[in-house]
Amino acid sequence: MQIKPLSEIRGFLENIAAPLGIEIVDVEWNDKQTALTVYIETEGGVDLNSCEKFHNAIMEPIDELDPTYDKPYTLNVSSPGLDRPFKTERDFKRNLGGEVEVRLFAPLKGKKLLEGTLTEFDENTVSVSVNNEIIKIQKNKIAKINKAIKFD
């Protein structure tokens with residue numbers, strides 16, 4: 001099924017999300033399920049109420065945008081999940097000083113998985129403190145970086 005570009009859909013939704021204090025993390029299309037899923041984040045985290053609130057806020061406007069050119073589809077609004085990869089500058093800012101997991105495409109110092117504290121980042125690099133050593137990693141060497149999930 002042909003749909004409008006996801007970047008166009010995302011831009012449209014960001015105009016609705018911003019005044020509500022909601023950040024669009026990602027927009028995905030699943031062709032098999034004919035489902036458009038919008039992943040959101042808020043300062044206090046995402047719960048069922050925030051998903052429902054945003055879903056209700058975008059139902060009519062997105063139908064006017066007509067992302068599927070009059071073809072039926074399912075609209076989902078979801079939390080991106082605890083282990084989601086960082087994709088935006090806000091993801092990195094939100095997690096500065098926090099524990100992260102960094103999965104690399106190729107080993108660095110003999111390891112493809114690093115766990116440590118996110119200390120710095122810029123457009124091209126990420127710095128992580130691992131065992132009191134700051135390791136600076138090029139972003140293009142990172143397969144995935146996400147919040148470290150600890151179970152006590």
With criteria (1) touching a Pro at 6+ places or on another chain (Cβ under 9 Å); (2) open to solvent by 100 Å² or more (accessible area, probe 1.4 Å), K136 comes up short on (1)
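Let's see how each residue does on (1) within 27 Å of F151 (Cα to Cα); (2) surrounded by 18 or more Cβ atoms within 10 Å (Cβ to Cβ); (3) at pLDDT 95 or above; (4) among the hydrophobic types (A, V, I, L, M, F, W, C):
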residue	(1), (2), (3), (4)
E28	no, no, yes, no
T34	no, no, yes, no
K71	no, no, yes, no
R84	yes, no, no, no
E89	yes, no, no, no
L96	yes, no, yes, yes
May I ask you to list the residues in segment 98-152 that are closer than 16 Å to T88 by Cβ, outside any strand (DSSP E or B) and either charged (D, E, K, R) or within 17 Å of the chain's Cα centre (by Cα) (or both)?
-> G98, D122, E123, K139
A careful count of residues in segment 65-96 that are over 12 Å from the mean Cα position of the chain (by Cα), within 30 Å of V126 (Cα to Cα), assigned to a helix (DSSP H, G or I) and touching a residue at least 24 places away in the same chain (Cβ under 8 Å) gives 1
If you go through segment 9-24 one residue at a time, do you hit one that is modelled with pLDDT of 95 or more, among the polar types (S, T, N, Q) and not in a loop (DSSP other than H, G, I, E, B)?
-> yes
Within segment 109-126, identify whether any single residue is closer than 30 Å to K32 by Cα, at pLDDT 95 or above and of a type outside the set (F, W, Y), and answer yes or no.
-> no
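Residue by residue, here is whether (1) crowded, with 19+ Cβ neighbours inside 10 Å; (2) in a loop (DSSP other than H, G, I, E, B); (3) in contact (Cβ under 8 Å) with a residue 40 or more places away in the chain; (4) of a type in the set (D, E, K, R) holds:
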| site | (1), (2), (3), (4) |
| --- | --- |
| I3 | no, yes, yes, no |
| N49 | no, no, no, no |
| F54 | yes, no, no, no |
| D63 | no, no, no, yes |
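The values are calculated or read from the model by the stated rules, or taken from the named source; none is laboratory data. Please read these numbers as outputs of a predicted model, since none were measured by experiment. Note that each Cβ is placed from the backbone with ideal geometry, even for glycine, and that neighbours are counted across all protein chains shown. For accessibility, only protein heavy atoms count, side chains too; no ligands or nucleic acids. Shrake-Rupley method; radii C 1.70, N 1.55, O 1.52, S 1.80 Å.
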